[in-house]
Amino acid sequence: MEATPRRVEHQQTDKGYVPVYTTAVVEQPWDGYSADDHATWSTLYQRQRELLVGRACQEFLDAQDAMGMSAHMIPRFDQLNEVLGAATGWTLVGVEGLLPELDFFDHLAHRRFPVTWWIRRPDQIDYIAEPDLFHDLFGHVPLLMNPVFADYMAAYGRGGVKAHAIGPDALQNLTRLYWYTVEFGLINTADGLRIYGAGIVSSKGESLYSLESAAPNRIGFDLERIMRTRYRIDTFQKTYFVIDSFEQLMAATGPDFTPIYARLADTAHLPAGQVHEGDIVFQRGSGEGWAEGGDV
Ligand code: PHE
Ligand code: FE
């Protein structure tokens, strides 16, 4: 059976034809998932769970179990919402794909997490550029069960609305924080470094690379350092930042960022792969295999 077709409209812009997604919240068309869709979920779920035991933080793995996620079939948002709502007051809402920044921030500020309803095609199992159901649901949703991380995400949404009003530089600083924590964060535990970032846990290659490769830097979390640091969107990260705990993350991001944005406006940005004076270095990367240029 074919995978579920998606309707995406395209609009001509100065960058050529680009997909336009509706910003509307959509009902998860659960009955419309094909056997291929469920099989894609199963394959990815099984493969990642096997890989992530001992690599992802225990909070993440336990939360998937507590929510009743399994390899069996694509979960239903309404069932997950019963567990999630009771735990931390978050609600999953279905969307077509990436949202405009302000819409995204507004959802988070109101404890709604937008989840792309469609899943990648079988030939995209190992890589897809844009977020799909597997990335959003498998990667992002479990930690919303953790009360501290749940509060961090809502605070991030409120901070996003504020940064959007301040301007593009503030927004860039804040986006880097999201990138290096929510998407690509590592956490230091008594058992060693573990993954909590959604961009890592939803990728087989980066789950191994982020923890085990000698190539990338692994550096202790430092808010302003992160806000200054460019990142990669087309390769594995050159640098990962390591938090000690979700409480540390929450405490460090509690203060008003307005004066920090003002200060950073005059401060040089750092290349994605640079180790900087004052860094707490868990590992200085060998840089092997790094692509030249391309930091965003
Ligand atoms: N304290 C931040 C601000 O004033 C808001 C924020 C909290 C941003 C947590 C990110 C994460 O903008
Ligand atoms: Fe993501």
* Taking the Cα-to-Cβ direction at S34 and at D65 and moving 7 Å from each Cα, how far apart do the two end points lie in nm? -> 3.5
* **Accessible area of R49 in the full protein assembly, 1.4 Å probe (Å², nearest 10)** => 50
* Helix 168-178 axis, angle to the chain major axis (alpha carbon atoms, nearest 10°) -> 70
* Under a 1.4 angstrom probe, counting protein chains only, how are E101, E206 ranked by accessible area, largest first? -> E101, E206
* **Cut-off 15 Å between beta-carbons: net charge of the residues surrounding S213, Lys and Arg +1, Asp and Glu -1** => +3
* Order M73, M67, most accessible first, counting only protein heavy atoms with a 1.4 angstrom probe. => M73, M67
* With every protein chain in place, what's the accessible area of W30 (1.4 Å probe, Å², nearest 10)? -> 50
* Structure fact -> For the pair E247 and V275, the simple spin-label estimate (label points 7 Å beyond Cα toward Cβ) gives in nm 3.0
* **Relative contact order (%) - the chain, alpha-carbon pairs under 8 angstrom, separation at least six** => 16
* Asked: Between region 34-76 and region 88-163, what is the C-alpha centre distance in whole Å?
  -> 17
* **Overall dimensions of region 88-128 by Cα: Rg and Dmax, Å** => 12.6, 36
* Asked: How much of the accessible area of the chain, probe 1.4 Å, is carbon plus sulfur, in whole percent?
  -> 51
* Once the piece of chain linking M73 and E292 is laid out straight, how much longer is it, given 0.36 nm per residue of separation minus the C-alpha distance between them? -> 74.8 nm
* Hey, what's the Kirkwood Rh for the chain if you take every pair of different alpha carbons, in angstrom? -> 19.8
* To do: Could you tally the net charge around A291, taking each other residue with its Cβ under 14 Å from the Cβ of A291, Lys/Arg +1 and Asp/Glu -1?
  => -1
* Only Lys, Arg (+1) and Asp, Glu (-1) charged, at Cβ; the chain dipole about Cα centre in debye -> 320
* To do: Figure the gain on full extension for T258 and H110 (residue separation times 0.36 nm, minus the Cα-Cα span) and round it to one decimal in nm.
  => 51.1 nm
* Structure fact -> For R120, the accessible surface traced by a 1.4 Å probe with all protein chains present amounts, in square angstrom to the nearest 10, to 10
* Residues of the chain: accessible area per residue with a 1.4 Å probe, Å² -> 46
* Asked: Among 53-62, 135-144, how do they line up from the highest to the lowest mean number of other beta-carbon atoms within 10 Å?
  -> 135-144, 53-62
* **Two-site label geometry, A265 and A214: point separation in nm, points 7 Å out along Cα→Cβ** => 4.5
* Return the tail of the calculated pair distribution for region 153-212, meaning the percent of Cα-Cα pairs more than 15 Å apart. => 56
* Asked: What's the local net charge at Y231, with K and R +1, D and E -1, over the other residues with C-beta under 12 Å away?
  -> +2
* Using the Cα atoms of region 43-125 to build a convex hull, what is its mean projected area in square nanometres? -> 6.4
* To do: Find how much the distance from D151 to L98 grows on full extension, using 0.36 nm per residue of separation minus their present alpha carbon separation; answer in nm with one decimal.
  => 16.9 nm
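The values are calculated or read from the model by the stated rules, or taken from the named source; none is laboratory data. Just so it is clear, the model here is predicted, and its values are computed rather than measured. Cβ: placed from backbone, ideal geometry, glycine included. Neighbour counts: every protein chain shown. Accessible surface is based on the protein model in full, side chains and every heavy atom, while ligands, DNA and RNA are left aside. Shrake-Rupley method; radii C 1.70, N 1.55, O 1.52, S 1.80 Å.
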